[in-house]
Amino acid sequence: MIRAIFAAFLGYVVMVACVMAGIAIVWNVFGNEFAFSGESTEASLGWSLLALLSGLVAAVMGGYVAALVGGPKGWLAVRVLIALILLFGGLTIVMQFGAEPLPLPDGVSIRDLDFFEAGQYAVSPMWYNFAIVVVGLIGVWSGGRLGGARQSLAAQQSLVVSKSESAAEESQPQSAGPSAEEGD
């Protein structure tokens, strides 16, 4: 059980690292004007869609790591990671309802914000908060299947080897003594 919880935590860390890297890459490639809708602090449609894609890749990687590190309890680790996504995603949705975005300081526009400042002021559209949870669930489950499929294949191969060894041992004649035919 402890291994499964550790594996889920490690999968979550991998997810967060991948999401942060994906967002930083999109920011550096497309810039801050692409990230926001006009002069508002709401994320643009393009930004939101690329963030969903980044989230999917991150979730697949997180699910894969959780399943792989979880070993024989890989699917338990994936389920724990799915529970974390539901918990944190649900909390994010609840916190976003009715929340007002922080206003930009006087004289500061979207163009003036660097990556970290933008993170303080940016607000995701409400549809995105629901979509990222769904994308995360699908990604973690898929990554878990990929990680679990490799484990299952290895387990099946070792099972086939052990069965063939057992069958070979059973097919060899027992030499408890000379048989009646040998004495003739």
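The values are calculated or read from the model by the stated rules, or taken from the named source; none is laboratory data. In this text, all values refer to a predicted model and were calculated from it rather than measured experimentally. So basically every Cβ, Gly included, is an ideal-geometry build from the backbone, and we count neighbours across all protein chains shown.
Structure notes:
- Total residues in the stretch 100-120, condition surrounded by 16 or more Cβ atoms within 10 Å (Cβ to Cβ) and farther than 19 Å from residue 52 by Cα: 3
- Residue within the stretch 4-12 that is closer than 20 Å to residue 132 by Cβ and exposed (fewer than 14 other Cβ atoms within 10 Å of the Cβ) present: no
- Residue 39 satisfies every condition listed in (1) in a helix (DSSP H, G or I); (2) farther than 17 Å from residue 135 by Cα except (1).
- Flag if residue 79 is assigned to a helix (DSSP H, G or I), of a type in the set (D, E, K, R) and more than 27 Å from the chain's Cα centre (by Cα): no
- With respect to the stated conditions, residue 57 is touching a Cys at 6+ places or on another chain (Cβ under 9 Å) and under 22 Å from residue 146 (Cβ atoms).
- Look at the stretch 28-53: where a residue is farther than 17 Å from residue 104 by Cβ and at pLDDT below 85, no partner that is surrounded by fewer than 13 Cβ atoms within 10 Å (Cβ to Cβ) and aromatic (Phe, Trp, Tyr) sits 6+ places away or on another chain with Cβ atoms under 6 Å.
- Residues located in the stretch 114-130, provided they are outside any helix (DSSP H, G or I) and in contact with a Ser or Thr (Cβ under 9 Å, 6 or more places away or on another chain): 122, 123, 124, 125
- Taking (1) touching a strand residue (DSSP E or B) at 6+ places or on another chain (Cβ under 8 Å); (2) buried (at least 18 other Cβ atoms within 10 Å of the Cβ) in turn, residue 37 satisfies each apart from (2).
- Considering the conditions (1) surrounded by 13 or more Cβ atoms within 10 Å (Cβ to Cβ); (2) more than 20 Å from residue 88 (Cα to Cα); (3) in contact (Cβ under 8 Å) with a residue 24 or more places away in the chain, residue 1 is excluded by exactly one of them, (1).
- A residue that is buried (at least 20 other Cβ atoms within 10 Å of the Cβ), hydrophobic (A, V, I, L, M, F, W, C) and in a helix (DSSP H, G or I) cannot be found anywhere in the stretch 87-99.
- Any hit, the stretch 82-92, residues being hydroxyl-bearing (Ser, Thr, Tyr) and either free of Cβ contacts under 8 Å to residues at least 12 places away in the same chain or over 18 Å from residue 144 (Cα atoms) (or both): yes
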